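Just below is one structure, and these are the notes that go with it.
The values are calculated or read from the model by the stated rules, or taken from the named source; none is laboratory data. Being a predicted model, the structure only gives us computed values, none of them experimental. Every residue, glycine as well, gets a Cβ built from its backbone with ideal geometry; the counts of neighbours run over all protein chains shown. Keep in mind that these areas ignore ligands, DNA and RNA; they rest on the heavy atoms of the full protein, side chains included. Shrake-Rupley method; radii C 1.70, N 1.55, O 1.52, S 1.80 Å.
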Amino acid sequence: MKKLLNRLYANRYFLLFIMLFAYVSSIYDRISAEGELNVYTFTPDAFIYSLINVAILFPIILFFIRRWQKSDVFSTQEILKIFGSSIVSFVLIMLMLGLVMALVYGGVERNFGGKRLPLEIISSGLDGLIYGSFFLAYYYYQKDKKHQIQLATYHHALSESKINQLKTQLNPHFLFNNLNILDQLIEEDKDKASEFLNKFAEIYRYVLQASDKEIVPFEEELVFAKQYFNLIQHKYGNAYQLNIESNNGIGFIAPLTLQLLIENAVKHNLGTAEHPVVIAISVADKITVSNTFNLKKNSKTLSGRALNNLKEQYRLLTKKTIGIHQSADAFWVTIPFIHPSHK
């Protein structure tokens, strides 16, 4: 009983519509038949009769839906089969009920004699068509709505899974690159290597924390980028320079975005103390990370796995995408801000 009441409550607006339609329809039929308004016009007996019809028709339709619809994807042929069978069954049941009532009260001839039988069939058939159409339209609307919610949930889960896969690729990449730098520093300068290791331990803690998040505040990522660039300078000195041209960005970005772009600039461009590679981070409606262009001879591509990885993350996180640009003397990437409410 409780389950039935919950189902009625969940579909209360549809049931209210059916009740209002049935009542207005009964008033219209009486006005059309009698051509005048009186107290009888507004009595609820015809309305109650329509609701009884609905209470019989809807379970019949549900029976055929459960019997013949085998998949969530419905076809026109299935709907016509279900609808047609429901109407025929409804008409037959209503005739049988009418016959039983007529036998009980001795009104067989009055209710089924002459033209009454065809009229009863047509009347029940029209009721079935009208109310059955309402029911099927509502039923498949709800079914489609539920399917869309399930589809959205699936795509969200799939996106989260893909993002986690992408981040698991980035973390070892970050770790191994910096361990290689540490290995080289140990051979060149043990004191510098020790200082590098301490700073690396601090910022890797941020990497581990950020790995559990889809997005992070831009301000946090910018602080991390500065700390990461300090590691770069341990190895290369002033061969690479970082300029922050604006620091008023409000919004979120994917974790390790700025670090990855700084690393990409260092990896592919040769910097020296005389001709340093200048990396700039500027903020407006988007974030732009640019660097002067001095491609290393052994550098094969500027948009390898790391940039493609980043591009895929933003495709999954937001409708916007990152822009990758190159000119004769510069390379730059534009990053959209991510707003949680629009993600």
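Looking only at residues in region 205-248 that are touching a residue at least 24 places away in the same chain (Cβ under 8 Å) and either among the aromatic types (F, W, Y) or touching a His at 6+ places or on another chain (Cβ under 6 Å) (or both), the one that is surrounded by the fewest Cβ atoms within 10 Å (Cβ to Cβ) is Y236. When the test is whether a residue is at pLDDT 90 or above and among the small types (G, A, S), A239 passes it.
Could you please find all residues in region 38-93 being of a type in the set (V, I, T), open to solvent by less than 30 Å² (accessible area, probe 1.4 Å) and at pLDDT below 85? Passing the criteria: only T41. Within region 1-16, the residues that satisfy the criterion of being assigned to a helix (DSSP H, G or I) and surrounded by 13 or more Cβ atoms within 10 Å (Cβ to Cβ) are F14, L15. Taking the listed residues G304, G323, the one that is modelled with pLDDT under 80 and either within 35 Å of the chain's Cα centre (by Cα) or among the hydrophobic types (A, V, I, L, M, F, W, C) (or both) is G304, with no other qualifying. Tally time: how many residues in region 267-286 are touching a Lys or Arg at 6+ places or on another chain (Cβ under 9 Å) and surrounded by 17 or more Cβ atoms within 10 Å (Cβ to Cβ)? Matching residues across region 267-286 total 2.
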